[in-house]
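Read the structure below first, then the notes.
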There are 2 protein chains.
Amino acid sequence: MSPSLSMYQASVPVFVRALRNLKHVLEKGQAHAQERGFDAGVLLQTRLYPDMLPLLRQVQNATDTAKFGAARLAGVESPKFDDDETSFAELYARLDRVIDYLGRFDEAAFAGSETRAITLPTRSRGELKFDGRGYLLGFATPNLYFHVSTAYAILRHSGVPVGKRDFLGDH
Amino acid sequence: MSPSLSMYQASVPVFVRALRNLKHVLEKGQAHAQERGFDAGVLLQTRLYPDMLPLLRQVQNATDTAKFGAARLAGVESPKFDDDETSFAELYARLDRVIDYLGRFDEAAFAGSETRAITLPTRSRGELKFDGRGYLLGFATPNLYFHVSTAYAILRHSGVPVGKRDFLGDH
């Protein structure tokens, strides 16, 4: 192979950007509720289907995916959160906390992470085993984009005027 | 930096897997329509909001993002499609065609792609300029996941019994 990317480049800045863009679309959602005069909290409980997670949980899961992703690749313990957010302001604080946490990693922390053995306990499928590269490319990254895209879709479905540039941008 | 990934590893197999999983969730959508006795074509025209693209266009855009992504990184012309699909069968053929196209690239085709200058013409923002690394991590990959997640969200919202394992799996 011709090595041309680092595990760090393909994770930390990517995760930070996805979370910043998520915060940006959430801010548009909150502003839309204020303009239209409805309780923004309604958006946090909106889902695309009755047995799907609502917006609030999509944001919690996106942040968890990012912080666990970086921690597992670096081989350190991830901070535990209480998952007790109930408002946009609290979700922004959670996003800021994870963006700050990600910013404390540097390239050196990810040295050798491509071959690090990573084991994920799951409720329904026992333990999933990866090397770091497979974990980053086949689990952490798609999972993070799944949750940020779903959060965007819930807001879009709710009439919030967001476009793909809000999702892809560098906010 | 500690180079530990190749541009090829972070693109071609990732794109192929995302498109295979997309085909898998589409198959579940078609099967659901057959079981419930409604025209599966209805799903292809379903959208999450009136001015958002329907499922059919999400699949076309996902495949375009993947084939343009690989072609631009390798510095070759991407095949042009007529965008005339109207059925699940035709979308499967399009997905297969792009998966086959991606499979023809090898590591060597991506040598030096991390610094390749890539220019995208856009309708509303003039030309976007990237190096290959920024294009892959900041445009092609999030854009692909945006469209496959949105396709999944449209099916999920329509009552198709898919779960995150269908999205993340290796189908």
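The values are calculated or read from the model by the stated rules, or taken from the named source; none is laboratory data. Because the structure is predicted, anything quoted here is derived from the model rather than measured. Virtual Cβ from ideal backbone geometry, glycine too; neighbours counted across all protein chains shown.
Structural remarks
- Filtered residue count, the range A:148-171, keeping only those that are at the interface with chain B (Cβ under 8 Å from one of its Cβ atoms), polar (S, T, N, Q) and in contact (Cβ under 8 Å) with a residue 24 or more places away in the chain: 1
- Which listed residue is assigned to a loop (DSSP other than H, G, I, E, B) and among the charged types (D, E, K, R), from A:64, A:84: A:84
One line per residue, one yes/no per condition, for (1) under 21 Å from residue A:146 (Cβ atoms); (2) surrounded by fewer than 20 Cβ atoms within 10 Å (Cβ to Cβ):
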position: A:46; (1), (2): yes, yes
position: A:49; (1), (2): yes, yes
position: A:53; (1), (2): yes, yes
position: A:63; (1), (2): yes, no
position: A:75; (1), (2): no, yes
position: A:80; (1), (2): no, yes
position: A:87; (1), (2): no, yes
position: A:90; (1), (2): no, yes
position: A:93; (1), (2): no, yes
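- Filter result (of a type in the set (A, V, I, L, M, F, W, C) and in a loop (DSSP other than H, G, I, E, B)) within the range B:134-171: B:160, B:162
- Screening B:139, B:110, B:146 for residues that are surrounded by fewer than 22 Cβ atoms within 10 Å (Cβ to Cβ), at pLDDT 95 or above and at negative phi leaves exactly one candidate, B:139.
- Odd one out for residue B:145 among (1) at the interface with chain A (Cβ under 7 Å from one of its Cβ atoms); (2) farther than 18 Å from residue B:16 by Cβ; (3) in contact (Cβ under 8 Å) with a residue 40 or more places away in the chain: (2)
- Matching residues in the range B:105-133 - criterion: being outside any strand (DSSP E or B) and within 22 Å of residue A:148 (Cβ to Cβ): B:125, B:133
- Test: residue in the range B:125-135 that is surrounded by 14 or more Cβ atoms within 10 Å (Cβ to Cβ) and within 12 Å of the chain's Cα centre (by Cα): no
- Within the range A:58-77, residues that are within 17 Å of residue A:138 (Cα to Cα) sit with their Cβ atoms under 7 Å from residues that are of a type in the set (Val, Ile, Thr), at 6+ positions apart or across chains, in these pairs: A:62/A:148; A:66/A:98; A:67/A:98; A:70/A:12; A:72/A:118.
- Considering A:81, A:88, the condition of being farther than 17 Å from residue A:131 by Cα, among the aromatic types (Phe, Trp, Tyr) and without any contact (Cβ under 8 Å) to a residue 40 or more places away in the chain is satisfied by A:81 alone.
- Residue check, residue A:58 within 10 Å of chain B (Cβ to nearest Cβ) and either within 18 Å of the chain's Cα centre (by Cα) or not in a helix (DSSP H, G or I) (or both): no
- Qualifying residue in the range A:14-33 (condition: over 15 Å from residue A:151 (Cβ atoms), away from every other protein chain (no Cβ under 12 Å) and either loosely packed, with under 15 Cβ neighbours inside 10 Å or of a type in the set (D, E, K, R) (or both)): yes
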